[in-house]
Amino acid sequence: MSVSRINQQLIDLNYQIDVLKADLFQSKEQFESMDELAQDAKIRAMVSETPDQANYSHDLAATRDRLAKVIASINEEIRILKLKQDELLEKLFEESKDSE
């Protein structure tokens with residue numbers, strides 16, 4: 001594989017990682033907000049003991065849990081891309097040694 005091709009792949013991977021990190025930041029902010037809302041709704045559901053409040057609390061908790069899964073998925077994608085990035089860096093190092 002040529003050095004220029006490896007460099008381009010590294011640039012592409014770096015861009016993908018940056019985009020995922022921005023998504024991760026936004027998802028974490030949403031999760032924190034949703035977590036607060038879910039906790040408040042849970043307390044209100046216990047105090048009011050109405051089915052509407054219980055349903056609302058359940059819905060918010062489910063949304064929070066889905067966001068947690070999204071965050072875990074983004075973290076996993078970043079981890080995989082970083083592994084690919086490491087592999088490309090190793091190839092780049094080997095290519096540069098061979099060309100000397």
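Every number in this text was worked out from the coordinates using simple rules, so none of it is lab data. Just so we're clear, the structure is a prediction, and the values are computed from it rather than from any experiment. Please note: Cβ atoms are built from the backbone with ideal geometry, for glycine as well, and neighbour counts cover all protein chains shown.
The table below gives the values:
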| quantity | calculated |
| --- | --- |
| Any hit, the range 19-35, residues being among the aromatic types (F, W, Y) and in contact (Cβ under 8 Å) with a residue 24 or more places away in the chain | yes |
| Cβ pairs under 7 Å, 6+ apart, first in the range 78-100 and touching a residue at least 60 places away in the same chain (Cβ under 8 Å), second of a type outside the set (A, V, I, L, M) and assigned to a helix (DSSP H, G or I) | I78/K21; L81/Q16; L88/Q9 |
| Where L92 falls short, out of the listed (1) under 18 Å from Q9 (Cβ atoms); (2) exposed (fewer than 12 other Cβ atoms within 10 Å of the Cβ) | (2) |
| Restricting the range 15-57 to residues that are exposed (fewer than 12 other Cβ atoms within 10 Å of the Cβ) and closer than 30 Å to S99 by Cβ, the residue that is nearest to the chain's Cα centre (by Cα) | D18 |
| Residues (more than 30 Å from A62 (Cα to Cα), part of a helix (DSSP H, G or I) and of a type in the set (A, V, I, L, M, F, W, C)) located in the range 1-32 | V3, I6, L10, I11, L13 |
| Meets criteria (assigned to a helix (DSSP H, G or I), out of contact with any Pro (no Cβ under 9 Å at 6 or more places or on another chain), closer than 30 Å to N7 by Cα and not acidic (D, E)) for K82 | yes |
| Residue in the range 49-68 that is out of contact with any helix residue (DSSP H, G or I) (no Cβ under 7 Å at 6 or more places or on another chain) and outside any helix (DSSP H, G or I) present | yes |
